[in-house]
Amino acid sequence: MSVRIEWLDSLKGLAIILVVWGHLNIPIEAETIIYSFHMPLFFFISGYLFKQNNRTLKQYVQRKVNSLLIPYFFFAVMSIPFGILLDFVYQNEINPLLMFMHFFFLSGSVGWNAPLWFLIVLFLIEVIYFVVNSSKINNGLFIILSFVLGYALALSGMRYPLGLHLISWGLVFYYLGNVARERLVIEKMATTIAKTLIFLIPLAIINIVFGLMMNVKVSMYVNQLGNYLYFYIAAIAGILFMCCLMSKLPSFKILNFFGNNTLLVLATHYGALYVYKLIDQPVFGHAFMDDNSYFISILLTVVTLIVSVPLAHFVNKYLPFVVGKGHNSKLKMSQNAGG
């Protein structure tokens, strides 16, 4: 594996760890900063890895069905009984029609296992970008239109079927990732450690100012972006900060491992979160997950990641197709940017 791929795997590994940590009731300041860039970062990485390679649309779509849609439907099916159990525990009405809508992402929600939205949205973005890139459509103009559409949809504050609002701004970051690779943006910014530090400090400041101080905590999934321009500024600054930082750090095997298993962690960590919630009050007599504690959230993140290690080994060995690694394909998870 090349140094570049190792850097991207480490970046994805750190990013998926931030995703898990951000879902475990962390202090609002840390949560706001993480949410300001973590999902745009995954779209950026996906765009960075985009290669058309003279494939036909049918060939490309089949690859993306194998690597994204099949994993989505597998984990969506596996989530159904857990969702019914949660409805029973929390005394919610079990609504088959709503479950159907969630299963096919028709209501703007995928149900309790919320992170699964990323797989469908990324699939649609990948296919749309392939079509645009293969046609005579001007990529830059198309992305500007996506940016404007994203703004219009963000104003409504509504969630749309198949994550239309997510696709709109996700395409922008996907495009920026593709441009960054083609123009060697990260390589030019991080030529030396000294030059990298010159960029890291202002990028961190910009992200904190526009993502924490001047904007609300964004939530892409529910279409709450606050100030649309500030959202983009903070996200781009956070993305560039993470890319420059990880491109200069040595490779870490543990980060590479999670970077190569982002889809599995993405699709399963919400199950751990709900297990923690279910045993919280009855076992400990105190809702410790509501404390927004650094210590507790980091501890639960570590536990979640440790549990995912043997699960990843099992799935990779016996059920690789459920994480996009089967079907006699040469696909590598490092090229799926799932998280």
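The values are calculated or read from the model by the stated rules, or taken from the named source; none is laboratory data. Quick caveat: nothing in here was measured; it's all calculated off a predicted structure. Note that we place each Cβ from the backbone using ideal geometry, even for glycine, and neighbour counts take in every protein chain shown. Surface areas here come from the heavy atoms of the whole protein model, side chains and all, with no ligands, DNA or RNA. Shrake-Rupley method; radii C 1.70, N 1.55, O 1.52, S 1.80 Å.
Based on the Cβ-Cβ distance of L149 and K217, what FRET efficiency does E = 1/(1 + (r/R0)^6) give at R0 = 30 Å, to the nearest 0.05? Please list the in-between numbers first.
On the way: r = 23 Å, r/R0 = 0.78.
Once rounded, the FRET efficiency stands at 0.80.
Near L311, within a Cβ-to-Cβ distance under 15 Å, what is the net charge of the other residues, with Lys and Arg +1 and Asp and Glu -1? Please list the in-between numbers first.
Numbers: positive: K317, K325; negative: none.
Residues near L311 contribute +2 overall.
GNM on the chain, C-alpha springs below 10 Å: top fluctuator among N292, N25, N260?
Residue with maximal mean-square fluctuation among N292, N25, N260: N292.
Can you tell which of A234, L149, G177 lies farthest toward the positive end of the dipole of the chain, using +1 and -1 charges on the Cβ of basic and acidic side chains (Lys, Arg; Asp, Glu)?
About the Cα centre, the residue reaching furthest to the positive side is G177.
With the calculation restricted to Cα positions, what are the radius of gyration and Dmax of the range 1-76 in angstrom?
Both quantities, over Cα of the range 1-76: 15.6, 47 Å.
Under a 10 Å cutoff between Cα atoms, tell me which one of N133, N53, N215 has the largest fluctuation in the Gaussian network model of the chain.
Most flexible of the set in this elastic network: N53.
To the nearest 20 Debye, how big is the dipole of the range 18-136 about its Cα centre, given +1 on the beta carbon of each Lys and Arg and -1 on that of each Asp and Glu? Walk me through the numbers before you get to the answer.
Numbers: 6 positive and 5 negative charges, 175 e Å.
So the dipole magnitude of the range 18-136 works out to roughly 840 debye.
Under 16 Å from the 7 Å Cα→Cβ point of L311, by amide nitrogen: which residues of the range 17-51?
17-24
How high is the FRET efficiency between N54 and L141 when r is their beta carbon distance and R₀ equals 22 Å, given to the nearest 0.05? It would help to have the intermediate numbers written out before the result.
On the way: r = 24 Å, r/R0 = 1.10.
That gives a FRET efficiency of 0.35.
Counting only other residues whose beta carbon sits under 14 Å from that of Y90, what net charge do I get with K and R as +1, D and E as -1?
Working: positive: K277; negative: D87, E93, D280.
In short, -2.
Let me check I've understood the local charge: for V121, count other residues with C-beta under 15 angstrom from its C-beta, Lys and Arg +1, Asp and Glu -1. What total comes out?
Working: positive: K64, R159; negative: E126.
That sum, taken over residues with Cβ under 15 Å, equals +1.
What is the distance in Å between the Cα centres of the range 173-235 and the range 35-59?
About 17 Å separates the Cα centre of the range 173-235 from the one of the range 35-59.
With N residues in the chain, what two-decimal value do you get for its Cα radius of gyration over 2.2 N^0.38 Å? Spell out each step's value before the answer.
Details: Rg = 19.5 Å, N = 339, 2.2 N^0.38 = 20.1 Å.
Normalised by 2.2 N^0.38 Å, the Cα Rg of the chain equals 0.97.
Output the direction-averaged projected area (hull surface divided by four) of the convex hull of the alpha-carbon atoms of the range 124-191, in nm².
5.3
Using only alpha carbon pairs under 8 Å that are at least six residues apart, calculate the relative contact order of the chain and give it in whole percent. Write out the running numbers ahead of the final one.
Values: 452 pairs, mean separation 118.6, N = 339.
Result for the chain is 35 percent.
Can you list residues from other chains, or at least 5 along the same chain, whose modelled amide H is less than 5 Å from the amide H of Q224?
HN-HN under 5 Å from Q224: S219.
Determine the dipole magnitude for the range 56-197: charges of +1 sit on the beta-carbon of Lys and Arg, -1 on that of Asp and Glu, nothing else is charged, the reference point is the Cα centre, and the result goes in debye to the nearest 20.
On the way: 9 positive and 5 negative charges, 125 e Å.
Magnitude of the dipole: close to 600 debye.
Calculate, in nm to one decimal, what L229 and M78 gain on full extension: separation in residues at 0.36 nm each, minus their alpha carbon distance.
Working it through step by step, the gained length comes to 50.6 nm.
Only four residue types carry charge here, +1 at the Cβ of Lys and Arg and -1 at the Cβ of Asp and Glu. Report the dipole size of the chain about the Cα centre in Debye, rounded to the nearest 20. Display every interim value, and only then the final one.
Values: 21 positive and 12 negative charges, 297 e Å.
Approximately 1420 debye in magnitude.
Starting from the Cα-Cα distance between A204 and V127, subtract it from 0.36 nm times their residue separation and give me the gain in nm to one decimal. Show your work: numbers first, answer last.
On the way: separation 77, 0.36 × 77 = 27.72 nm, distance 3.28 nm.
Answer, rounded to one decimal: 24.4 nm.
So what's the convex hull volume per residue for the Cα atoms of the range 37-195, in Å³? All intermediate terms of the calculation are to be shown ahead of the outcome.
Working: hull volume 25.1 nm³, N = 159.
Cα-based convex hull of the range 37-195, divided per residue, equals 158 Å³.
Taking a probe of 1.4 angstrom, what is the accessible area of R55 in Å², to the nearest 10?
Surface open to solvent at R55 totals about 60 Å².
Test of the criteria: in the range 88-172, which chymotrypsin sites (Phe, Trp or Tyr not before Pro) are in a DSSP loop and have at most 12 other Cβ atoms within 10 angstrom of their Cβ? Walk me through the intermediate numbers first.
On the way: sites: F88, Y90, F100, F103, F104, F105, W112, W117, F118, F123, Y129, F130, F142, F147, Y151, W169; in loops: Y90, F104, F105, W112.
Those satisfying the criteria are Y90.
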